[in-house]
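Novice: So that we are looking at the same thing, I have put the structure below in C-alpha cells.
The values are calculated or read from the model by the stated rules, or taken from the named source; none is laboratory data. Just so it is clear, the structure is predicted and the values come from calculations on it, not from any experiment. A quick note on method: Cβ atoms are made from the backbone with ideal geometry, for glycine too, and the neighbour counts reach across all protein chains shown.
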Amino acid sequence: MDGTYKVPFARRGSVLDEHDIQALTEVVRSGEALSSGACRDRFEEKFRDYVGARYALSVTSGTVALEIAIRLLDLQPGDEVIATPQTYQATVQPLLAHQIKVRFCDIDPQSLNIDPTSLRSLITPRTRGVLLVHYGGYPAEMAEIMGIARRRGIPVIEDCAHALGARYHGRRPGALGDIGCFSFHTSKNITTLGEGGMITVNRETWARRIDRIRSNEVDGTYAPAGPLADRAPRVLPWMKYSEGVYQDSCRSVAGAGTNATMSEAAAAVGVVQLDKLPVLTARRRWIASRLDEVLEDFPGVRFHRTQPGLEHAQHLYTFFLPGGPDVRYNLVRALDERGVEVQLRYFPQHLLPEWRLRGHSIGECPVAERLWFSSHMNLPCHPGLTDDQVDYLIDALREALSTVAFPRTGALACPSST
Ligand SMILES: *Cc1c(COP(=O)(O)O)cnc(C)c1O
C-alpha cells in the first residue's frame, strides 16, 4: 500500500498531550537557561528511582547511550564482544568503530533474547563485554546471563530501548546488568520530544566518566603549575594564568568527548512522560490482549508471552506463524492491502552487508535465522492508535488470516521450541 496507512506500525509510539504541553510551556517561559538545568536533574532522579539504579544520565538518543556504554569497555584491537543478532541496527552499530571481533549469540526461540547456553559457548579469554536487548519488551534471562558474566568479570550492557515498563522478578531492566541504555525516540514507550536517551549504571566511576564524555570530556582546568603544564609546552609563556581569571576558558579535555546534553525542554517532557508510563504500558498490553484473542482461534500460532515473574513492556507485538515463509508473506500482504502497516523487526544483524563484509554468514545463529525467515510476525501495538483504529486492526487481522492458506495442523515452524 502507498501513502498513509489506516493503522500505522509505530509512527507515534508515545502520546504527547496537554500535560506535556503545559510542562513545555512552563520551561520555555521560565527564563532559565535551556540546558543543564533543574529539569534534567529532576528527570534523571525520577528515572534512576524508577529503574532502581544508582545513577541515571540523560543523553540525546539511545544510539548515543549505546556508543558511550561501549566506550566504557575500553576495547582494544583483538578484543571480543558477544552481541544479539535479533535487534535494531543501533544496538551493534557502535561496535563497527572498534577493531574487535563480534560474536553473534543465538537467541531463545520463545523470548527472542540471547540464549544463555549459546552465550556460555561463545566466551573466550578475549571476551570484554556482552551486548543484549530485551526484545520487544520481553526481559532477557538475566539471572543466568549475569551468573555467566559475573564469574568471568565480563560487563553486560542491556539495550533497554524496548524495555521501559517491563519487569523481571520484581526488578527493572536497566538495573539488572552493568550498564542500561534507553531510547526516548518518538516510537518508543515514552518520548522526550522525539529524540532522547538515558544511561543507567551503579558504578560511580562509570557515572563520572559518562558525565564527562557527554559534556565534551572536560577533565580539569589548565593551570601552568599543574600536571598538564609539565607535559605540554607553554604556548604563551608571558601570559599569567595564575590569577584564576582565565580558568574558566582554559579547560582541558581528556579525549574525544561529545556533547550529548539533553535539552531542558526534552527533560521537562520526560518527567511528565515517566508519570504516564503505567497508563501507556497498560494501553499497549490491552491492545496486545485483543490481538491475542484473535490469534487464539488459529492453532499453531505461537505467542511471545512471558514466563511467570516477568512482565512484558509490549513495545512490540510479536507472534510466530506456522506454515513457512509463504504464509508469512501472504499475511503481510493481506494486511498491507487492508491498510495495516507491518514492519518485521528485525532482520538478523549478522546477515546485513556491514557484518557479512566482516566475515559473518548464514548458519551462525540458526534459531534467529529460521524464525525470522519463516515465521516471525509483528503487528502495530502502540498508544498512538485510537479505539477505532484498534477495532479496525482486529477485524483486518481476522480477515487477513482467513485469506491465507493457514495450516491447521498445529505444527510449529521452529523445531527448537518443541
Ligand atoms: C530505537 C532503538 C535504539 C536506538 O535508539 P535511538 O534513540 O533511536 O537512537 C537502539 N536499540 C534498539 C533495540 C532500538 O529499538
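Novice: Please verify whether G147 is within 15 Å of the chain's Cα centre (by Cα), modelled with pLDDT of 95 or more and away from the ligand (no atom under 12 Å from the Cβ), treating the condition exactly as stated. Explain how you work it out, then say what you get.
Specialist: On the way: within 15 Å of the chain's Cα centre (by Cα): no; modelled with pLDDT of 95 or more: yes; away from the ligand (no atom under 12 Å from the Cβ): yes.
Criteria not met by G147.
Novice: Of the residues T261, T205, T200, T281, only one is at pLDDT 95 or above, assigned to a strand (DSSP E or B) and hydroxyl-bearing (S, T, Y); which? Steps first, answer last, please.
Specialist: Numbers: T261 fails: assigned to a strand (DSSP E or B); T205 fails: assigned to a strand (DSSP E or B); T281 fails: assigned to a strand (DSSP E or B).
Unique residue meeting the criteria: T200.
Novice: Identify the single condition in (1) within 16 Å of the ligand (Cβ to nearest atom); (2) charged (D, E, K, R); (3) assigned to a helix (DSSP H, G or I); (4) surrounded by fewer than 21 Cβ atoms within 10 Å (Cβ to Cβ) that R12 does not satisfy, given that it satisfies every other one.
Specialist: Failing condition for R12: (3).
Novice: Moving on to the next point. Take G194 and decide whether it is over 21 Å from H382 (Cα atoms) and not in a helix (DSSP H, G or I). Lay out the reasoning, then the answer.
Specialist: Values: over 21 Å from H382 (Cα atoms): no; not in a helix (DSSP H, G or I): yes.
The answer is no for G194.
Novice: When you check E158 against the structure, is it more than 21 Å from W372 (Cβ to Cβ), outside the structural domain of V367 (by TED's automatic domain parsing) and within 16 Å of the ligand (Cβ to nearest atom), yes or no? Before the answer, list the steps.
Specialist: Details: more than 21 Å from W372 (Cβ to Cβ): yes; outside the structural domain of V367 (by TED's automatic domain parsing): yes; within 16 Å of the ligand (Cβ to nearest atom): yes.
Here the answer is yes, as E158 does meet what is asked.
Novice: Report whether or not G194 is within 14 Å of the ligand (Cβ to nearest atom), over 11 Å from S58 (Cα atoms) and touching a Cys at 6+ places or on another chain (Cβ under 7 Å).
Specialist: Values: within 14 Å of the ligand (Cβ to nearest atom): yes; over 11 Å from S58 (Cα atoms): yes; touching a Cys at 6+ places or on another chain (Cβ under 7 Å): no.
The answer is no for G194.
Novice: If I filter the range 275-288 for residues that are in contact with a strand residue (DSSP E or B) (Cβ under 9 Å, 6 or more places away or on another chain) and of a type in the set (A, V, I, L, M, F, W, C), do I get at least one hit?
Specialist: There is at least one residue in the range 275-288 that is in contact with a strand residue (DSSP E or B) (Cβ under 9 Å, 6 or more places away or on another chain) and of a type in the set (A, V, I, L, M, F, W, C).
Novice: How many residues are part of a strand (DSSP E or B), among the hydrophobic types (A, V, I, L, M, F, W, C) and more than 10 Å from the ligand (Cβ to nearest atom) when one looks only at the range 163-191?
Specialist: From the range 163-191, those part of a strand (DSSP E or B) are 167-168, 171, 179-183; that's our starting set.
Narrowing further to those that are among the hydrophobic types (A, V, I, L, M, F, W, C): 179, 181-182.
This time we only want the ones that are more than 10 Å from the ligand (Cβ to nearest atom), so: 179.
Adding up the residues that qualify gives 1.
Novice: E67 fails exactly one of the following numbered conditions: (1) surrounded by fewer than 19 Cβ atoms within 10 Å (Cβ to Cβ); (2) touching a helix residue (DSSP H, G or I) at 6+ places or on another chain (Cβ under 9 Å); (3) assigned to a helix (DSSP H, G or I). What is the number of that condition?
Specialist: (1)
Novice: Consider I82 carefully, then state whether it is buried (at least 22 other Cβ atoms within 10 Å of the Cβ), more than 11 Å from the chain's Cα centre (by Cα), more than 9 Å from the ligand (Cβ to nearest atom) and outside any strand (DSSP E or B). Outline the logic, then answer.
Specialist: Details: buried (at least 22 other Cβ atoms within 10 Å of the Cβ): yes; more than 11 Å from the chain's Cα centre (by Cα): yes; more than 9 Å from the ligand (Cβ to nearest atom): yes; outside any strand (DSSP E or B): no.
No, not satisfied.
Novice: Right, something else. Kindly evaluate A97 against the criterion of being closer than 27 Å to R212 by Cβ, in contact with a helix residue (DSSP H, G or I) (Cβ under 6 Å, 6 or more places away or on another chain) and surrounded by fewer than 23 Cβ atoms within 10 Å (Cβ to Cβ). Walk me through how you get there before you give the answer.
Specialist: On the way: closer than 27 Å to R212 by Cβ: yes; in contact with a helix residue (DSSP H, G or I) (Cβ under 6 Å, 6 or more places away or on another chain): no; surrounded by fewer than 23 Cβ atoms within 10 Å (Cβ to Cβ): yes.
When the stated conditions are applied, A97 does not pass them.
Novice: Can you work out which of the residues in the range 85-101 that are within 16 Å of the ligand (Cβ to nearest atom) and touching a strand residue (DSSP E or B) at 6+ places or on another chain (Cβ under 6 Å) is nearest to R40 (Cα to Cα)? I'd like the intermediate steps shown before the answer.
Specialist: Taking the range 85-101 first, the residues within 16 Å of the ligand (Cβ to nearest atom) are 85-97.
Add one more test, that the residue is touching a strand residue (DSSP E or B) at 6+ places or on another chain (Cβ under 6 Å), and what stays is 85-87, 91-92, 95.
Working: P85: 33, Q86: 32, T87: 29, T91: 25, V92: 28, L95: 28 Å.
Ranking the qualifying residues of the range 85-101, first place goes to T91.
Novice: Quick check on the range 108-127. Is at least one of its residues crowded, with 23+ Cβ neighbours inside 10 Å, farther than 23 Å from H382 by Cβ and either within 16 Å of the ligand (Cβ to nearest atom) or modelled with pLDDT under 95 (or both)?
Specialist: Looking through the range 108-127, at least one residue is crowded, with 23+ Cβ neighbours inside 10 Å, farther than 23 Å from H382 by Cβ and either within 16 Å of the ligand (Cβ to nearest atom) or modelled with pLDDT under 95 (or both).
Novice: Out of the residues in the range 303-340 that are charged (D, E, K, R) and surrounded by fewer than 20 Cβ atoms within 10 Å (Cβ to Cβ), which is nearest to C105 (Cα to Cα)? Outline the logic, then answer.
Specialist: If we filter the range 303-340 for residues that are charged (D, E, K, R), which is where we start, we get 305, 311, 326, 328, 333, 336-338.
Next, from what is left, pick out any that are surrounded by fewer than 20 Cβ atoms within 10 Å (Cβ to Cβ): 305, 311, 326, 333, 336-338.
Details: R305: 22, E311: 24, D326: 27, R333: 31, D336: 32, E337: 36, R338: 37 Å.
Within the range 303-340, the match that is nearest to C105 (Cα to Cα) is R305.
Novice: Among the residues in the range 41-60, are any within 16 Å of the ligand (Cβ to nearest atom) and out of contact with any Gly (no Cβ under 9 Å at 6 or more places or on another chain)?
Specialist: The first filter runs over the range 41-60 and keeps only residues within 16 Å of the ligand (Cβ to nearest atom), leaving 43, 47, 56-60.
Going one step further and asking which of them are out of contact with any Gly (no Cβ under 9 Å at 6 or more places or on another chain), we end up with 57.
Yes; the residues of the range 41-60 include at least one that is within 16 Å of the ligand (Cβ to nearest atom) and out of contact with any Gly (no Cβ under 9 Å at 6 or more places or on another chain).
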